[in-house]
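Single-structure report; data block below.
The values are calculated or read from the model by the stated rules, or taken from the named source; none is laboratory data. Given the structure is predicted, the values throughout are model-derived calculations rather than measurements. Reconstructed Cβ throughout: ideal geometry from the backbone, glycine too, with neighbour counts over all protein chains shown. Areas reflect the complete protein model, heavy atoms only, side chains present, ligands, DNA and RNA absent. Shrake-Rupley method; radii C 1.70, N 1.55, O 1.52, S 1.80 Å.
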Amino acid sequence: MPTEALLRECQRRVAQLHADTGCRAIMYDALELERPPIGAVLTQQKLSDELKASSMKVAIVVPNTGIAYLARLAFGEANHRVFYNDVASAVLWLTAP
């Protein structure tokens, strides 16, 4: 279950990796994610604004429509795409020019 603190720490690490490597693609594997509380979704929504500003390409791999819906809410207007149980397609999308 993601907490707001965990989401903030993950975002800090993503930002650090982006700064260190210049990488502009990230994949969130949410296949084993339990339905998060709405507070966590709203926190990720705020953090996603940073991803949008950095032109980061984000793939989110989800197990079902419920998590997919929350992922779309959480990542808002960031350059993201949701994939249902398909890590391979997510990787292909991330590596496409």
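Summary table below
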| quantity | calculated |
| --- | --- |
| The chain, accessible surface, carbon-and-sulfur percent (1.4 angstrom probe) | 57 |
| Values of log10 I(q)/I(0), in the order q = 0.13, 0.19, 0.20 Å⁻¹, for the chain under a Debye, Cα-only, solvent-free model | -0.40, -0.90, -1.00 |
| Residue 20 - accessible surface, heavy atoms, 1.4 Å probe, Å² rounded to 10 | 110 |
| Computed over region 41-83, the ratio Rg/Rh where both radii use C-alpha atoms and Rh is Kirkwood | 0.95 |
| Positive dipole terminus of region 1-96, leading residue within 94, 64, 7 (C-beta point charges) | 94 |
| The chain - charge dipole about Cα centre, Lys and Arg +1 at Cβ, Asp and Glu -1, debye rounded to 20 | 200 |
| Probe 1.4 Å, accessible area per residue of the chain, Å² | 61 |
